[in-house]
Amino acid sequence: MSAEKILQVKGLRYRYPEGQEALRGVDLEILEGETLVIVGPNGAGKSTLLLCMAGLYPAEGTVLYRGEPLRGLQDPRRLEIGFLFQNPDDQLFSLTVFEDVAFGPRQMGLPEEEVARRVREALERVGLSGFEDRSPHHLSFGEKRRVALATVLSMQPRVLLLDEPTSNLDPRSRRRFVDLMRNLGQTKILATHDLEAAYEVADRVILFYQGRVVHQGPPQEVLFDRDLLERYGLELPFFVQFLEETGDARKDSPSRLSS
Ligand code: ADP
């Protein structure tokens, strides 16, 4: 992993127009190539943080990309930061999968041949080759989420912001999506309350609570600390309880849960 800071968040604050203060001064540094997972209970501000980092909400504070502040939504460097919405229906709006996955590359002004190549590659990446002519709205939820990811990947971003990427998936779709994320080379920042997924993909876990970062550390430390998790509205994950009960030392193994 390179030690270059790809993203830095400095003093990020955001208050919803209704008055709810969702971010109360967030500072973060993300290294190129790392997978950072933000965990926290419902309402902690995880989604708001990602939306502000993506420039979709006008937060106070600064987000720097490769050391330079990002300026507004029009900043061309934002094309290097992809965003996967929690609800795939927020990302899919075309009549065919092809059109949806082609949308970003076309907006970038790429020639149609290159657009088609990127669509093919992105669909292959998410395991949906051959879905080009399907209607996104008639797919299963798990397929929709993978198409939504393909719409992001076709733009070849360097950073992926993923909001609750495993929510509402059945066990097999969830497993597939976790494996897919593990195989993506980009720098990734995930917001989730799926602690098992966090354990499987994270290089570093951030504990987020009431609009602030309250703790950060390696998954083997944060996700195994019952007191810490309970203090901030989370529970020791079931798999950790199971490993503890069985005296299993698998937490020390980087091959993690699938082994
Ligand atoms: P999380 O993703 O951790 O569940 P959110 O970022 O969705 O948390 O929410 C953080 C806080 O902001 C919560 O108190 C929530 O009620 C509030 N909030 C979220 N979305 C909106 C919105 N569109 N309008 C007003 N308040 C919101």
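Odds and ends about this structure:
This table checks each residue for (1) touching a residue at least 40 places away in the same chain (Cβ under 8 Å); (2) of a type outside the set (Asp, Glu); (3) touching a helix residue (DSSP H, G or I) at 6+ places or on another chain (Cβ under 6 Å).
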{"residue": "Ala102", "(1), (2), (3)": "yes, yes, yes"}
{"residue": "Pro105", "(1), (2), (3)": "yes, yes, yes"}
{"residue": "Glu114", "(1), (2), (3)": "no, no, no"}
{"residue": "Glu121", "(1), (2), (3)": "no, no, no"}
{"residue": "Ser129", "(1), (2), (3)": "no, yes, yes"}
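- Under the condition of being within 16 Å of the ligand (Cβ to nearest atom) and either in contact with a Cys (Cβ under 7 Å, 6 or more places away or on another chain) or within 18 Å of Leu49 (Cβ to Cβ) (or both), the residues counted in region 167-194 number 7.
- Selection of region 43-71 for residues being away from the ligand (no atom under 14 Å from the Cβ) and under 21 Å from Glu21 (Cα atoms) yields Gly55, Glu60, Gly61, Thr62, Val63.
- Residues satisfying the stated conditions in region 174-189, i.e. of a type outside the set (A, V, I, L, M) and outside any loop (DSSP other than H, G, I, E, B): Arg174, Arg175, Arg176, Phe177, Asp179, Arg182, Thr187, Lys188
Listed here are the residues, each with its yes/no results for (1) in a helix (DSSP H, G or I); (2) in contact with a strand residue (DSSP E or B) (Cβ under 6 Å, 6 or more places away or on another chain).
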{"site": "Glu114", "(1), (2)": "yes, no"}
{"site": "Gly127", "(1), (2)": "no, no"}
{"site": "Thr151", "(1), (2)": "yes, no"}
{"site": "Gln156", "(1), (2)": "no, no"}
{"site": "Leu161", "(1), (2)": "no, yes"}
{"site": "Arg172", "(1), (2)": "yes, no"}
{"site": "Ala191", "(1), (2)": "no, yes"}
{"site": "Ala198", "(1), (2)": "yes, yes"}
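- Count of residues meeting criterion [assigned to a strand (DSSP E or B), away from the ligand (no atom under 16 Å from the Cβ) and within 20 Å of Leu160 (Cα to Cα)] in region 1-35: 10
- When every residue of region 76-97 is checked against the conditions, at least one turns out to be out of contact with any Ser or Thr (no Cβ under 8 Å at 6 or more places or on another chain), without any contact (Cβ under 8 Å) to a residue 60 or more places away in the chain, among the hydrophobic types (A, V, I, L, M, F, W, C) and away from the ligand (no atom under 15 Å from the Cβ).
- In region 157-199, the residues that are of a type outside the set (D, E, K, R), surrounded by fewer than 17 Cβ atoms within 10 Å (Cβ to Cβ) and either in contact with a helix residue (DSSP H, G or I) (Cβ under 6 Å, 6 or more places away or on another chain) or on the phi > 0 side of the Ramachandran plot (or both): Asn168
- Number of positions in region 50-61 that are under 14 Å from Ile30 (Cβ atoms) and not in a helix (DSSP H, G or I): 1
Values quoted throughout were computed directly from the atomic coordinates according to the rules given, and no laboratory measurement underlies them. The shown structure was predicted, so the numbers you read here are calculated from the model rather than taken from an experiment. Note that each Cβ is placed from the backbone with ideal geometry, even for glycine, and that neighbours are counted across all protein chains shown.
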